[in-house]
Amino acid sequence: MRKYYPKPHFLPETCEIPSKEYVFMGYDDGATMHLDFINRLMWQAQLKGSKTWHLIPPPECEDSCSQFSFLVEPGDAVLVDTRVWYHGTQITRGQFSLSVQSEYG
């Protein structure tokens, strides 16, 4: 799969785990609020369409951290510890969303 998209420039060559790649696609919905049970950190790049990420801090950070949301569009990449931060996504209505994800670390 790697030949179809580049690794984000901000990650060092030695951190990539190319055997753990994922493709996410869909219309209108998204992902409900959850934690990921993966071995490493992840990055995700939006290739087509747009979606809003919603992040909620872990309980031990609630006193000093706030929940927040942000929109990703084609060409944007996010770096989130989805094992710690609760997260959900909402695909922009009427759009087809396509993103790729890889674990690293």
If you take just the strands (runs of 3 or more DSSP E) that sit entirely in the stretch 5-105, which of them hold at least 3 residues that are of a type outside the set (Lys, Arg), surrounded by 14 or more Cβ atoms within 10 Å (Cβ to Cβ) and out of contact with any helix residue (DSSP H, G or I) (no Cβ under 9 Å at 6 or more places or on another chain)?
-> 16-27, 41-48, 51-56, 77-80, 86-91, 96-104
Mind listing whichever residues of the stretch 29-57 are under 16 Å from residue 88 (Cβ atoms), touching a residue at least 60 places away in the same chain (Cβ under 8 Å) and touching a Gly at 6+ places or on another chain (Cβ under 7 Å)?
-> 30
Select from the stretch 36-55 the residues that are of a type in the set (A, V, I, L, M, F, W, C) and modelled with pLDDT of 95 or more and list them in ascending order.
-> 53, 55
Leading residue by the ranking (modelled with the lowest pLDDT) among those in the stretch 3-31 that are hydroxyl-bearing (Ser, Thr, Tyr) and over 13 Å from the mean Cα position of the chain (by Cα) | 19
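The values are calculated or read from the model by the stated rules, or taken from the named source; none is laboratory data. If you're wondering where the values come from, they're calculated on a predicted model, not measured in any experiment. So basically every Cβ, Gly included, is an ideal-geometry build from the backbone, and we count neighbours across all protein chains shown.
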